[in-house]
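Any read-out appearing in this document is the output of simple, stated calculations on the displayed coordinates, not a laboratory observation. Model, not experiment: these values are computed from the prediction. Note that we place each Cβ from the backbone using ideal geometry, even for glycine, and neighbour counts take in every protein chain shown.
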Amino acid sequence: MSEEKAVEYDHTSSVSLIIGLQTACGLMAGFAFTGTVVVLTGLGDPSALLSQIALAILYIAMIVFLGALFQLHLLNVATCMHSPKLIIPIFPGSLPRWRIINRYMLVGSFLVTISIPVMFLLKNLTVLFVLAMCLAILLNVRFYFRSWLPVKKEYHW
């Protein structure tokens, strides 16, 4: 007879850890967004090569942190759904609300993501605009199909 103990996972600690990581990613994405706006509006000539490099780095950093933020969100959803204890409030009529909340998050993230390229266009930075829009669209479509749809199908959302 085996003396092994069954491992019990503390899902609330897992959720707390993920929330902490989400906070850090959100903070860093906000920093990158703010830095981009400051460079575009307040510092020198945004069409200078060094300014464009700084803008591209800040934009990519914002995209990376937003991507991490949403991957952590999906991880949190999976953790909550697999928990033996109810973590996500489920009650009659709550499923459509969760769909709406997640849809708002996806749309809001996309709008924030494309707001920076629009600012690039306002400053006549056409090459940065085109590259940033391509990156924004590509990564949002990739996230939707590779990350969000499998979770949505698994949990019947």
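For the range 11-154, what value does the Rg/Rh ratio take when both radii are computed over Cα atoms and Rh is the Kirkwood radius, given to two decimals?
A ratio of 1.06.
Roughly what would the spin-label model give for V107 and K153, points 7 Å off Cα along C-beta, in nm?
The modelled label-to-label distance comes out at 2.5 nm.
What is the spin-label model distance, in nm, from I114 to L138 if the labels are put 7 Å beyond Cα along the C-beta direction?
Reported label-point gap for I114 and L138 is 1.7 nm.
Would you please give the FRET efficiency between R146 and V38, computed as 1/(1 + (r/R0)^6) with r the Cβ-Cβ distance and R0 = 35 Å, to the nearest 0.05?
Approximately 0.60, to the nearest 0.05.
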